[in-house]
């Protein structure tokens, strides 16, 4: 019996619907689910053929159908081929953009340090509150799974989890579809316990690995704990006696090396929704305690789709504010035009 294009589309609809709901699929559901514009009777005939070919089974009398192992294999080998190719192309494109942005931010920090003679920092875009665009699972080996999370703004986060389940291609495919069906378009804050419970129920015997994957996704996109911060010009601090005296210089250099203090500065800057444009902090106005003897000028850059980061310049209280602000304005304009031009 020939596996026609119409049968393929009906088979695809059965698999996708079953993966989404966990319930047997009937002809009336398929008639609403596809764009074939076929009657329920015609769909029943096609489903009977698919059952005879061994691609679907009827678990109970008068019930709908569910995919057989052969049906899943058909879905993997033929129907998902184009989709998987699209995913790989997307990943390559996103990785290229990530590398380009990484280089751009490093160069921005160096440029500002050279032009101002102060210490500078630039944070990578924050993804806090952003929505999930794609979750891609790939097998590293028999017991390890690579979890790639793509957020709005094409920010990519990767993590590896250990699995006790047998990581077959069919299982990875099912989990990819299950997780993307439920989680795409949601932020971390929108993923409820009830939703996680429903996903685990649909995963059945594989609920434990689903739980581990969701934990990995949450860890990948949770807040700014692992913010990437690029710095330059820390040694410029020694040019100013008031900062080089006592422990000031060592504390500031340590802040630039460990970046924990800079991380606090970025988090506080981005969390203040009332602050827009360029902000100037003088002495005790500093958001971080270790920089009370300095002046800090920050700017929040916005690349769209929720991609926001902080540019900061740290120097003495007698810094050339006009020059610093002019440099920040120029860099923000260039960053915006370069990135959006290359998107």
Members of the range 288-299 found to be assigned to a loop (DSSP other than H, G, I, E, B) and under 15 Å from residue 121 (Cα atoms), listed by number: 288, 294
Qualifying positions in the range 304-320 - over 14 Å from residue 233 (Cα atoms), surrounded by 15 or more Cβ atoms within 10 Å (Cβ to Cβ) and modelled with pLDDT of 90 or more: 319
Residues of the range 1-16 satisfying the condition of being under 20 Å from residue 207 (Cα atoms) and at pLDDT 85 or above: 15
Any hit, the range 82-105, residues being at pLDDT 85 or above and crowded, with 16+ Cβ neighbours inside 10 Å: yes
Single condition residue 67 does not satisfy, out of (1) within 26 Å of residue 197 (Cβ to Cβ); (2) over 39 Å from the mean Cα position of the chain (by Cα); (3) at pLDDT 85 or above: (2)
Number of the condition not met by residue 191 [criteria: (1) within 30 Å of residue 123 (Cα to Cα); (2) loosely packed, with under 15 Cβ neighbours inside 10 Å]: (2)
Subset tally (residues that are at pLDDT below 80 and under 26 Å from the mean Cα position of the chain (by Cα)) for the range 234-264: 5
Conditions (1) within 24 Å of residue 205 (Cβ to Cβ); (2) modelled with pLDDT under 85; (3) in contact with a helix residue (DSSP H, G or I) (Cβ under 6 Å, 6 or more places away or on another chain): number failed by residue 25: (2)
Yes/no for residue 45 being over 21 Å from residue 174 (Cβ atoms) and part of a helix (DSSP H, G or I): yes
Count of residues meeting criterion [within 13 Å of residue 10 (Cα to Cα), touching a helix residue (DSSP H, G or I) at 6+ places or on another chain (Cβ under 6 Å) and surrounded by fewer than 18 Cβ atoms within 10 Å (Cβ to Cβ)] in the range 37-76: 2
Every pair of residues 6+ apart whose Cβ atoms lie under 9 Å, when the first sits in the range 253-278 and is over 15 Å from residue 300 (Cβ atoms) and not assigned by TED's automatic domain parsing to the domain that holds residue 292 while the second is exposed (fewer than 15 other Cβ atoms within 10 Å of the Cβ) and at pLDDT 75 or above: none
Listing of strands (runs of 3 or more DSSP E) fully contained in the range 112-198 that carry 2 or more residues being within 30 Å of residue 300 (Cβ to Cβ) and free of Cβ contacts under 8 Å to residues at least 60 places away in the same chain: 132-139
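The values are calculated or read from the model by the stated rules, or taken from the named source; none is laboratory data. This is a predicted model, so every value here is computed, not measured. Ideal geometry is used to build each Cβ from the backbone, glycine not excepted, and the neighbour counts take in all protein chains shown.
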